[in-house]
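The values are calculated or read from the model by the stated rules, or taken from the named source; none is laboratory data. Worth saying up front: this structure is predicted, and the values here are computed from it rather than measured. Don't worry about glycine lacking a Cβ; one is built from the backbone with ideal geometry, like all the others, and counts go over all protein chains shown.
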Amino acid sequence: MRVFVTGASGWIGSATVDELLTAGYEVTGLARSDASAAALEAKGVRVRRGDLDDLDSIRGGADEAEAVIHLANKHDFANMAASAAAERAAVQTIGDALAGTGKPFLLASGVAGLTQGRPSTEADASPFHGPDSPRGGSENLALEFVERGVHTISLRFPPTVHGARDHGFIAAIAAVAREKGVSGYPGDGTNRWAAVHVSDAARLNVLGLAKAPAGSRLHAVAEEGVPAREIAEAIGRSFGLPVASIAPDEVMGHFGWIGMFFGMDLPSTSTATRELLGWTPVGPTLIEDIDAGGYQ
Ligand SMILES: NC(=O)c1ccc[n+]([C@@H]2O[C@H](COP(=O)([O-])OP(=O)(O)OC[C@H]3O[C@@H](n4cnc5c(N)ncnc54)[C@H](OP(=O)(O)O)[C@@H]3O)[C@@H](O)[C@H]2O)c1
């Protein structure tokens, strides 16, 4: 099967492409730079040059493929509206290209904002609708295409998809700790983040492509909720830094943009995903990864 992957050169994308190639899929990856194109070609991936704003290239990739996995994201945290608009436009374009074909369309989403005060589950529909909502309401937009003959599957990732060389949220928190000389946690540090190792997430993505029914919301969650305080303590151990609470009204000033997320309580479960696909996470835990020096 020929699979078109956007974000193929990214953190989750690279691991997913490796899993796809191992499983015998033919992969075409969207690349916006020479460096990303070269990295993909070195793995035996066919390259389609293009940017997220180049919707013709994205449409062409979807037209040619038998399945699409959309993992690219601008991640401009200084202009989240622009990232959300690009995300929505890409999803609309891929959905329109696949309409009526029954082809699989897997897209990245997250567990943030699904529930308050309890772990989110696959049964929790996203409350985000429309272009002005987080991620441009892209999960609901993609799921609407099921009625138009697209085999949509949402890949919901927890706030940390961790591992050595991760440059995501934990790396950002570790960078603040190094810069400030203290490993902080918001308030009393009891807010939790669900977590998964990148290898387990990649394996789930490929299992989802092979086996998940249209309209599935898959939770790539290995750990239901790691308290912020334990994350800060592990980062403190890793860098030999003191650990301290940051008062809630100082969180944004101390952490900058990542404070927006580090203060959130984002527990989540994956019971239904495990039962549906027989997926069992086996990778290291978040704290094991930090303790092993994965963020140094
Ligand atoms: N990592 C997590 O913990 C996490 C958690 C929840 C949700 N997610 C979601 O999962 C998806 C994958 O995340 P990730 O961690 O793998 O992200 P990442 O490492 O930042 O990779 C982003 C990918 O998107 C590509 N990209 C960025 N801007 C682009 C543009 N303007 N045009 C075309 N391609 C562009 C990048 O290309 P280059 O390689 O050329 O830069 C890269 O391949 C994203 O939608 C993300 O929001 C991730």
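Table: residues versus (1) touching a Gly at 6+ places or on another chain (Cβ under 8 Å); (2) free of Cβ contacts under 8 Å to residues at least 40 places away in the same chain.
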{"residue": "Ser57", "(1), (2)": "yes, yes"}
{"residue": "Gly61", "(1), (2)": "yes, no"}
{"residue": "Glu64", "(1), (2)": "no, no"}
{"residue": "His70", "(1), (2)": "yes, no"}
{"residue": "Met80", "(1), (2)": "no, no"}
{"residue": "Thr93", "(1), (2)": "no, yes"}
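Quick check: anything in the stretch 90-101 within 11 Å of the ligand (Cβ to nearest atom) and farther than 26 Å from Trp193 by Cα? Among the residues of the stretch 90-101, at least one is within 11 Å of the ligand (Cβ to nearest atom) and farther than 26 Å from Trp193 by Cα, which makes the answer yes.
Just checking, how many residues over the stretch 144-160 are of a type in the set (A, V, I, L, M), within 11 Å of the ligand (Cβ to nearest atom) and in a loop (DSSP other than H, G, I, E, B)?
Here is the first cut: in the stretch 144-160, the residues of a type in the set (A, V, I, L, M) are 146, 150, 153, 155.
Next, only the ones that are within 11 Å of the ligand (Cβ to nearest atom) stay: 155.
If we keep only those that are in a loop (DSSP other than H, G, I, E, B) as well, we get none.
Here the count works out to 0.
A count restricted to the stretch 64-87 and to residues that are more than 12 Å from the ligand (Cβ to nearest atom), surrounded by 13 or more Cβ atoms within 10 Å (Cβ to Cβ) and not β-branched (Val, Ile, Thr) stands at 4. With respect to the numbered conditions (1) closer than 24 Å to Trp11 by Cβ; (2) surrounded by fewer than 18 Cβ atoms within 10 Å (Cβ to Cβ); (3) at pLDDT 95 or above, which one is the sole condition not fulfilled by Glu147? Among (1) closer than 24 Å to Trp11 by Cβ; (2) surrounded by fewer than 18 Cβ atoms within 10 Å (Cβ to Cβ); (3) at pLDDT 95 or above, the lone unmet condition for Glu147 is (1).
If I ask for residues that are part of a loop (DSSP other than H, G, I, E, B) and modelled with pLDDT of 95 or more, which ones from the stretch 76-109 would you list? Hits for the stretch 76-109 are Ala99, Gly100, Thr101, Gly102, Lys103.
Filter the stretch 8-24 down to the residues that are assigned to a loop (DSSP other than H, G, I, E, B) and surrounded by fewer than 24 Cβ atoms within 10 Å (Cβ to Cβ), then identify the one that is nearest to the chain's Cα centre (by Cα). Outline the logic, then answer.
Quick first cut of the stretch 8-24, residues assigned to a loop (DSSP other than H, G, I, E, B) only: 8-10, 23-24.
Those left that are additionally surrounded by fewer than 24 Cβ atoms within 10 Å (Cβ to Cβ): 10, 23-24.
Values: Gly10: 10, Ala23: 21, Gly24: 23 Å.
If we take residues in the stretch 8-24 being assigned to a loop (DSSP other than H, G, I, E, B) and surrounded by fewer than 24 Cβ atoms within 10 Å (Cβ to Cβ), then Gly10 is nearest to the chain's Cα centre (by Cα).
Out of the residues in the stretch 176-196 that are within 18 Å of Asp291 (Cβ to Cβ) and not charged (D, E, K, R), state the one that is surrounded by the fewest Cβ atoms within 10 Å (Cβ to Cβ). Steps first, please.
Initially, the stretch 176-196 is screened for residues within 18 Å of Asp291 (Cβ to Cβ), giving 177-178, 183, 185, 189, 193, 195-196.
Next cut, not charged (D, E, K, R) only: 177, 183, 185, 189, 193, 195-196.
Details: Ala177: 22, Ser183: 24, Tyr185: 26, Gly189: 20, Trp193: 28, Ala195: 28, Val196: 27.
Top of the filtered list is Gly189.
So which residues in the stretch 119-143 are assigned to a helix (DSSP H, G or I) and out of contact with any strand residue (DSSP E or B) (no Cβ under 7 Å at 6 or more places or on another chain)?
We begin by selecting, within the stretch 119-143, every residue assigned to a helix (DSSP H, G or I); these are 134-143.
Selection gives Pro134, Gly136, Gly137, Asn140, Leu141.
The residue of the stretch 25-56 that is surrounded by the fewest Cβ atoms within 10 Å (Cβ to Cβ), among those that are more than 9 Å from the ligand (Cβ to nearest atom) and among the hydroxyl-bearing types (Ser, Thr, Tyr), is Tyr25.
Does Gly137 qualify as being within 16 Å of the ligand (Cβ to nearest atom), surrounded by fewer than 24 Cβ atoms within 10 Å (Cβ to Cβ) and modelled with pLDDT of 95 or more? I'd like the intermediate steps shown before the answer.
Numbers: within 16 Å of the ligand (Cβ to nearest atom): yes; surrounded by fewer than 24 Cβ atoms within 10 Å (Cβ to Cβ): yes; modelled with pLDDT of 95 or more: yes.
Yes; evaluated as a whole, the condition is true for this residue.
Here Ser199 passes the criteria (1) within 15 Å of the chain's Cα centre (by Cα); (2) of a type in the set (S, T, N, Q); (3) surrounded by 19 or more Cβ atoms within 10 Å (Cβ to Cβ) except the one numbered (3).
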